[in-house]
Amino acid sequence: MRAEPPGPVRAATLWAVLATGVLSMLFLGDGLAINLLIVAAPATLAAYFASEKAGRRPRPWSLVWAAGGLALLVVPALRDAGWPSFLAIVSSVALGALALHGCRTWLGILLSPLGLFDALWKGSVWGWRGVRERAGSARGAGPALRAAAVTVGLLLVFGALFAGADAAFADLLGDLIPDASPAGIPWRALLLMVGAVGALAAAHTAASPLRLDRLVVNPGRARGRMEWALPLIVLCALFAAFNAVQLAVLFGGYDAVLDKTGLSYSAYARQGFWQLLLATLLTLLVIVFALRWAPRDGAKDRTLVRAVLGSLCVLTLVVVASAVRRMDMYVEGYGLTRLRISVVAVELWLGVIILLIIAAGIWGARWLPRAVAASAAAGVLAFGLLSPDAVIAERNVQRYEDTGKFDLDYARQLSADAVPALDKLPEPQRSCAIRDIADGLDGDREPWYATSLGESRARRIIEARPPTLDVGVCARTSTDSPYTPYP
């Protein structure tokens, strides 16, 4: 699976790696926001220079993965909430691995991040050899080192003079330049090493990727038509019967169903959602094994497979719609939370996968692995850009306006992204909801490169209208708190 070892590392790659390390040292020590994009830019250039040196031209899908990985890093720059930012960063690394390896198969896409770990040591050794080769050549290294030394010296001297001459310019430098106190030198040195090693791993992978697409899983033994089709046809019949009931309920039969079952409106919704989510996941697993053991003798077998699995996919889409509707009912009764918005997003993504499987059954499945990966990345990006904490706050504030019910205890747990929506609450609910968030934002501010747009917006709102109630008053505020966590 291993490609040929890369040739000597070129100077442009080393300079891009050095820039990545230096920017990591300067910007990554205070938090994560726009600084991730700043650091990712030279790392991307290092990978490009290395692949160009190795004669590997980026393919269209590789460019798509690279652009998607960089786009995902916008989420931490926009959102204060850590959980969508974490998903975006992990997805960005996965897309970067896909861009570097250029995988097309299921196994290649799933295992491509492992190729980055494989390159950590090899990339470091490769880069060190390149540095030694150039350090041994006074002609190649001397001018560059002298130019860098002169540049740094001029910046330090004239920067100090201008800062001493003008207080406003000194404040500007303080905002733009990270703190370089001696106490933080070990941490900054570690960030320098991590950034450089990561960039070298990416460059080495771009020049000599693992050929993970060569890993092949042999198809399962084909089953007879009756043995294969009968269980699936019976399963389709069960799905059809369940969906008939769901469609009846979906078109206004709630009262009759609730009277017959004795369940409340919200209990009926809560009871079914998790089972339907599990049913959707199991259906995808059934489809995977069904395709592995599907009969493959001719056109009739292909028609049978498409008809049975296509019917199962269509019926599963109704299950997805029913699950989403049940969660909507539950949110109407108890409000929106992070868990609920997350599982609805997962259920909707599973529905997209089912639609892709239907399309693959019609037009062929060669593109399906990459389409599923792209849909996952697009879903994570959309989830972060929509700002789930803000959506949760907006939905719950609207519910308060309609019903007078609001869970202050849960609102206090939200991030600064929720402040614009919580600011619409009347007093004393507004002050009680944003007080904990305001306390978290109070104190020393993070540098510009480690401050998200959501945090900046929340600070402006809180500075314009600070909370007016103390903790004791908020503790005595009478609120309706119907939210009960559901496992």
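The values are calculated or read from the model by the stated rules, or taken from the named source; none is laboratory data. This structure is a prediction, so every number in the text was calculated from the model and none was measured. As a convention, Cβ positions derive from the backbone with ideal geometry for all residues, glycine included, and neighbour counts pool all protein chains shown. The protein model used for the area step is the full one, side chains on, heavy atoms only, and it has no ligands, DNA or RNA in it. Shrake-Rupley method; radii C 1.70, N 1.55, O 1.52, S 1.80 Å.
Between SER124 and ALA464, what is the FRET efficiency for a Förster distance of 60 Å, r being their Cβ-Cβ separation, to the nearest 0.05?
The value I calculate is 0.75.
Ignoring ligands, DNA and RNA, what accessible area per residue does region 375-434 give at 1.4 Å, in Å²?
Here the per-residue accessible area is 37 Å².
I'd like the carbon and sulfur percentage of the solvent accessible area for region 1-140, probe radius 1.4 Å, heavy atoms only, ligands and nucleic acids excluded.
About 69 percent, which is the carbon plus sulfur part of the accessible surface.
Quick one: if the Förster radius is 45 Å, what FRET efficiency do PHE117 and ALA237 give, using the C-beta to C-beta distance and rounding to 0.05?
Here the calculated transfer efficiency is 0.45.
Distance between the C-alpha centers of region 318-338 and region 352-387? Whole Å please.
Centre-to-centre (Cα) distance: 23 Å.
For a label point 7 Å from the Cα of ALA222 along Cα→C-beta, name the residues of region 303-328 whose backbone N is under 14 Å from it.
Those under the cut-off are 303-306.
Give me the net charge of ARG306's neighbourhood, meaning all other residues with Cβ under 13 Å from the Cβ of ARG306; Lys, Arg count +1, Asp, Glu -1.
Result for the neighbourhood of ARG306: +2.
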